[in-house]
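Written below as structure tokens is the structure these notes are about.
The values are calculated or read from the model by the stated rules, or taken from the named source; none is laboratory data. Owing to the predicted nature of the structure, the values given are computational and were not obtained by experimental measurement. Cβ atoms come from the backbone with ideal geometry, glycine included; neighbour counts cover every protein chain shown.
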Amino acid sequence: MAEAIDRFVPDGATVALGTSLEPLIPFAAGHELIRQRRQDLELVGPISDSLFDELIGAGCVRRITAAWVGNVSEGLGHCYRRAAEQGIPRAIEIHDHTNFSISMALWAAAWNVPYLPARTLLGSDILRTNPNIKEVDGLVHITAVRPDVTILHVQRCDAQGRAHVWGPLGISEEAGLAAERVIISCEEVVDAAVTLSDPNRVLLPETKVVAVVHEPGGSHPSPVQGFWKRDHALDNAYADESRTREGYEAWLKRWVLDVPDRQTYMTMVDIESIRITGNRPSEPVNFADE
Amino acid sequence: MSDYTDQELMIAVAAREIRDRELVFVGMRLPIVAYAVARNTHAPNARGLFEVGLMRDQPASTYLGTMGDPPNVAGALWATRMSNVMALMAQGMVDLGFIGGAEVDRYGNLNTSYVGLPERPRVKLPGSGGGADIAILSRRWVTLMTHERRRLVERVSFITSPGHGDGSPGWRRRHGLLGGGPAAIITTLCVFRFPLDGGEAYVDTVHPGRTLAEVREATAWDVSFGAAVGETPPPTEPELREIRLRSAVGSR
């Protein structure tokens, strides 16, 4: 992960993260961004539980282009509040979106058009605050948002970047297609024979993927279908501890700055309490070549 | 009749807003429980839609911290991308949506973005999420809120999710909003409803043990009351059983 972030996410980059909404949030990648002291990032996403809040608190963020920033346990994002209200640790620019409009902004970039028209946002004051969304003849034009990098956590991926994801996809496809490049972190690295046995389940074209990182638990505390439950207790703890700047800094030191990598992080978590042990496989389908 | 909390009453009232066979945009927290209650009592054929990219016809087997938790995916009717779910709503196929809010005003407009000026907010709230989409595109919607003067305000400082705008009749239609707007505001004290063509919220029922004076005191605008303000029916035993089954673990 350290190498992928170092090589492919420069300061000032526009980065899409947390595109599956509540599950599969690439926290390990986010923590590596913090450890490498990335600056001036623009974060793009719908709802990414507390990941955006953590990155804002660490001073990595110049602009938020998202539908929602907080933490799901409690609502309010305390680092987001401090940055927007008091400029702590730095002031941020906010481009408000809705879940629908951020999806369309990414589809616009994916299809290489300047904007897409939509029927959402009519009558909302978001039309006043986001300079990239405007009403034209009774429709709302949503300007394309093109990430430099989209980072996704998935269940399994092969070394060529063919990622298999199951469960709801949120806006992961449009975020990947719109991006200049994609970093995949995954629970399992599998042989190409596995991924290509079911090409319908491959999320994105391999030509977009520049790095595949084997990172078990890389989305903790968010869940992974078939691998990990959501760690409610740890998410609640972040909500409490980030309430004050001092509390956030202590949290950051303990869970990010003093932790060299995800492997070490996972030894600090009660993983047996969140491991999914049941088995509920889908039926195989026939791809016979005749 | 057993005792129940304000929150349990709100969930039961929210569940009754769901009619059988409806497609409901569920969202997070209390509405997840409300959908389960409705599905297992009076609305056995109601389907739930989740913006993460899911459709279900039965509640998840265990407590959910979020709509994307694995138990909400297992047994789903459809696991898909968010834009597909939004497509159904844009076509007017979502009958009812639930939206959370920090502030609501007398015309049912919701603020989840900024208290104070957006350039220099007094409180930066998390933002729309899918709230504005639901407010604009679902056929009708409901919000749940703690009844406090700082939450039920004369005019919200920022309209994240539009209700009936400036309250003039037909405001939504004139501005091209497809959905019908807010059907109810369910608070810890009462249930507000709205006139058919939009306008100002009025108190329809007051919760058991609460008074009109309490409602007036805890609302920042000069409250209107319906022609015959009734008492909100308390949660039934089956409703309470469903609610308690699903909100015990990890809720806050």
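Figures for the structure shown
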{"quantity": "Residue tally, condition more than 7 Å from chain A (Cβ to nearest Cβ) and among the small types (Gly, Ala, Ser), over segment B:115-130", "calculated": "1"}
{"quantity": "Counted residues, segment A:124-134 - those being farther than 16 Å from A:Ala105 by Cα and either over 29 Å from the mean Cα position of the chain (by Cα) or more than 7 Å from chain B (Cβ to nearest Cβ) (or both)", "calculated": "1"}
{"quantity": "Segment B:93-113, residues that are assigned to a loop (DSSP other than H, G, I, E, B) and more than 18 Å from A:Thr98 (Cα to Cα)", "calculated": "B:Met93, B:Asp95, B:Arg106, B:Tyr107, B:Gly108"}
{"quantity": "Filter result for the condition that a residue is over 21 Å from A:Ala105 (Cβ atoms), crowded, with 24+ Cβ neighbours inside 10 Å and either of a type in the set (Lys, Arg) or touching a Cys at 6+ places or on another chain (Cβ under 9 Å) (or both), over B:Arg106, B:Arg155", "calculated": "B:Arg106"}
{"quantity": "Within segment A:166-188, tally of residues that are more than 10 Å from chain B (Cβ to nearest Cβ) and within 18 Å of A:Ala66 (Cβ to Cβ)", "calculated": "4"}
{"quantity": "Selected residue (criterion: farthest from the chain's Cα centre (by Cα)) from residues of segment B:61-86 that are farther than 24 Å from A:Ser73 by Cα and among the hydroxyl-bearing types (Ser, Thr, Tyr)", "calculated": "B:Thr80"}
{"quantity": "Residue match in segment A:214-221 (condition: more than 14 Å from every other protein chain (Cβ to nearest Cβ), crowded, with 20+ Cβ neighbours inside 10 Å and either without any contact (Cβ under 8 Å) to a residue 40 or more places away in the chain or more than 19 Å from the chain's Cα centre (by Cα) (or both))", "calculated": "no"}
{"quantity": "Qualifying position, being more than 18 Å from A:His31 (Cα to Cα) and among the polar types (S, T, N, Q), among A:Ser273, A:Ser242", "calculated": "A:Ser273"}
{"quantity": "Residues of segment A:4-41 satisfying the condition of being of a type in the set (Val, Ile, Thr) and either at pLDDT below 95 or assigned to a helix (DSSP H, G or I) (or both)", "calculated": "A:Ile5, A:Ile34"}
{"quantity": "Only listed residue being basic (Lys, Arg) and either closer than 25 Å to B:Val37 by Cβ or buried (at least 22 other Cβ atoms within 10 Å of the Cβ) (or both), chosen from B:Arg174, B:Arg216, B:Arg244, B:Arg149", "calculated": "B:Arg244"}
{"quantity": "Residues of segment B:50-86 classified as crowded, with 18+ Cβ neighbours inside 10 Å, more than 9 Å from chain A (Cβ to nearest Cβ) and at pLDDT below 95, total", "calculated": "2"}
{"quantity": "Test: residue in segment A:158-173 that is aliphatic (A, V, I, L, M) and in contact with a Phe, Trp or Tyr (Cβ under 7 Å, 6 or more places away or on another chain)", "calculated": "no"}
{"quantity": "Unique residue being within 14 Å of chain B (Cβ to nearest Cβ), charged (D, E, K, R) and on the phi > 0 side of the Ramachandran plot when the list is A:Asp235, A:Asp137", "calculated": "A:Asp137"}
